[in-house]
Ligand SMILES: Nc1ncnc2c1ncn2[C@@H]1O[C@H](COP(=O)(O)OP(=O)(O)OP(=O)(O)O)[C@@H](O)[C@H]1O
Ligand SMILES: [Mg+2]
C-alpha cells in the first residue's frame, strides 16, 4: 500500500534520507523509530507530499507521490490523515469545528445532518462527546490529541500518519491514545504509520518497525525481533547495558522469543545437567501482550559446552558475552 523505493532526500548539502526502501502493508500498524535527527519526520512528510524528494519513488496505492501534479497530490493527501506532537488545533474554534476543519478546506458543508452525524460520530469515537463545544485551552493534552485524531479521520482516509503523537503525554495518557489508535486500526481498518523515539509506543502497538539512523534503515522487522536481540546500533539507541557482569566464568545471554518453548528451561537445565549458575542480568517485556525477554547467566568454564548444547537442544537463542 505504501511503498518506498530507494528514496533519497537532501536539504542542500545535507543528505537526510539515504536510499530508503520499505513496504507498509494495508491495515498494519507500522513504526519508524530512531534518534532525534534520524530523518523520521522528513520521511513521513515525503510520504504525504509535504516535502519533495530527489530520487527514488514513493507509491501510495500504486500511485506516485509527486509535487508536480498538485491536484492529484491533494487527492492523495485527502487519503492520509496526519497527527503531530503539538496537536495543531485552532484555539478560536471549539472541538466540533476543529474536527470539521478539513471538510471546510474541501468546501464541504459541516452543519448538514450527514456532516453532523459524521463529526459527532468521530467525536464519540475518541471519547469526547461531553467536550464537543469546549475550546482547546479547556482540554488536557490527551484530550487535544483525541480531537486531532478525530480531525485526521474526518475525510475518511485509509492511512493515518502519526509524528511523535504521544511524545508530549505522560505514560498513562500515552497508553490511552495508543489504545485508541489500535481501536481505529482494528475497527476501521486504517493503516497507521507511527514515527516515534519512544520504544514503548513501538512495543505496544506496532506489528512491524524500521529502525532509522542517519537517514538509513538499519533494521526492520517485528518489534520483538529488533529489540529482544538488538543489533549494536539499536542497543546504543536503547542505551541498554547488561550491567556489571562477573569477570570469572562464562556469561551467556539467553533470548526468549516466541520461537522459544514454553518450558521452564532454566530450572530444567539446572536439574538435567546438574549445574549451578547465577543470574546476572535480565529483562522481560510486553510486546502487544506477549512477553519476551533476555537473561544473562554465569556458568563455570567447565560447564560451558554442555550448557550451550542444552540451550541449542531446547531452541533457546543464546550468545556468549
Ligand atoms: N526544512 C529543513 N531544512 C533543512 N534541514 C532540515 C529541514 N528539516 C529537517 N532538516 C534536517 O534533517 C535532519 C532530519 O530531520 P527530521 O526532522 O526528519 O528528524 P527526526 O528524526 O524527525 O528528529 P526528531 O526525533 O527530533 O523529530 C536533521 O538533521 C534536520 O536538521
Ligand atoms: Mg521528528
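For residue 254, the conditions (1) in a loop (DSSP other than H, G, I, E, B); (2) on the phi < 0 side of the Ramachandran plot; (3) over 18 Å from the mean Cα position of the chain (by Cα) all hold with the exception of (1).
Does residue 41 satisfy the criteria of being modelled with pLDDT under 95 and either in contact with a strand residue (DSSP E or B) (Cβ under 9 Å, 6 or more places away or on another chain) or within 16 Å of ligand 2 (Cβ to nearest atom) (or both)? Judged against the criteria, residue 41 is not a match.
For segment 198-205, the condition of being without any contact (Cβ under 8 Å) to a residue 40 or more places away in the chain, more than 16 Å from ligand 2 (Cβ to nearest atom) and out of contact with any helix residue (DSSP H, G or I) (no Cβ under 8 Å at 6 or more places or on another chain) holds for none of the residues. Checked against the criterion of being in a helix (DSSP H, G or I), in the same structural domain as residue 186 (by TED's automatic domain parsing), in contact with a strand residue (DSSP E or B) (Cβ under 7 Å, 6 or more places away or on another chain) and crowded, with 20+ Cβ neighbours inside 10 Å, segment 62-80 contains one or more residues that satisfy it. The C-beta contact set for segment 28-39 (first residue within 15 Å of residue 219 (Cα to Cα), second residue within 11 Å of ligand 2 (Cβ to nearest atom) and modelled with pLDDT under 95, distance under 8 angstrom, 6+ apart or interchain) comprises 33/197; 34/197; 35/197. Checked against the criterion of being modelled with pLDDT of 95 or more, more than 27 Å from residue 186 (Cβ to Cβ), part of a strand (DSSP E or B) and away from ligand 1 (no atom under 13 Å from the Cβ), the candidates 49, 56 yield just one match: 56. Here 24, 32 are screened, and the one residue that is closer than 29 Å to residue 142 by Cα, modelled with pLDDT of 95 or more, within 16 Å of ligand 2 (Cβ to nearest atom) and assigned by TED's automatic domain parsing to the domain that holds residue 192 is 32.
Does residue 265 satisfy the condition of being in contact with a helix residue (DSSP H, G or I) (Cβ under 6 Å, 6 or more places away or on another chain) and in contact (Cβ under 8 Å) with a residue 40 or more places away in the chain? No: the conditions fail for residue 265.
The set of residues in segment 150-168 being under 22 Å from residue 209 (Cβ atoms) and modelled with pLDDT of 95 or more consists of 152, 157, 158, 159, 160, 161, 162, 163, 164, 165, 166.
The values are calculated or read from the model by the stated rules, or taken from the named source; none is laboratory data. Quantities reported herein were computed from a predicted structural model and do not represent experimental measurements. FYI the Cβ positions are ideal-geometry reconstructions off the backbone, even for glycines, and counts take in every protein chain you see.
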